[in-house]
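The values are calculated or read from the model by the stated rules, or taken from the named source; none is laboratory data. Here the structure is a predicted model, which is why all the values come from computation and not from measurement. Virtual Cβ from ideal backbone geometry, glycine too; neighbours counted across all protein chains shown.
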Amino acid sequence: MRAAEAIEKAIIQMNAAREVRHVDTLAYTNRVFRHLYSKAYIEMVNGAPDVLGWLYDYLDQPWKNERRRLALDRLNTRPFVKLLDQYRPS
């Protein structure tokens, strides 16, 4: 969030875009996923940053069952994709 806010501020200061829209994509996910993700992330940052780094590296690899991942992505991203379709950013 802080990085996105800094980028937004820089774009505005540079007058690099006619409009800047800062959207928290997590707000467009499933409520249960959002809660678990936020809670788990904060706990891992505070208590096990090495595990968090390992998890990022592990999950950066292609899934063995790509269909399952895509189904989860569709379920969780549908509201955000709808926003993008309506807004149509350049």
From the options ILE42, ILE12, ILE7, residue that is within 19 Å of SER90 (Cα to Cα), in a helix (DSSP H, G or I), within 19 Å of the chain's Cα centre (by Cα) and β-branched (Val, Ile, Thr): ILE7
Matching residues, region 8-56, being surrounded by 12 or more Cβ atoms within 10 Å (Cβ to Cβ), over 16 Å from PHE80 (Cβ atoms) and modelled with pLDDT of 90 or more: GLU8, LYS9, ILE11, ILE12, ALA17, VAL20
Inter-residue pairs, beta-carbon under 9 Å, first without any contact (Cβ under 8 Å) to a residue 60 or more places away in the chain and in region 5-28, second charged (D, E, K, R) and loosely packed, with under 12 Cβ neighbours inside 10 Å, 6+ apart: GLU8/ARG21; HIS22/GLU5; TYR28/LYS82
Among (1) assigned to a helix (DSSP H, G or I); (2) among the small types (Gly, Ala, Ser); (3) over 14 Å from the mean Cα position of the chain (by Cα) - the single one ALA17 does not satisfy: (1)
Selection count, region 57-78, where residues are exposed (fewer than 11 other Cβ atoms within 10 Å of the Cβ) and outside any loop (DSSP other than H, G, I, E, B): 7
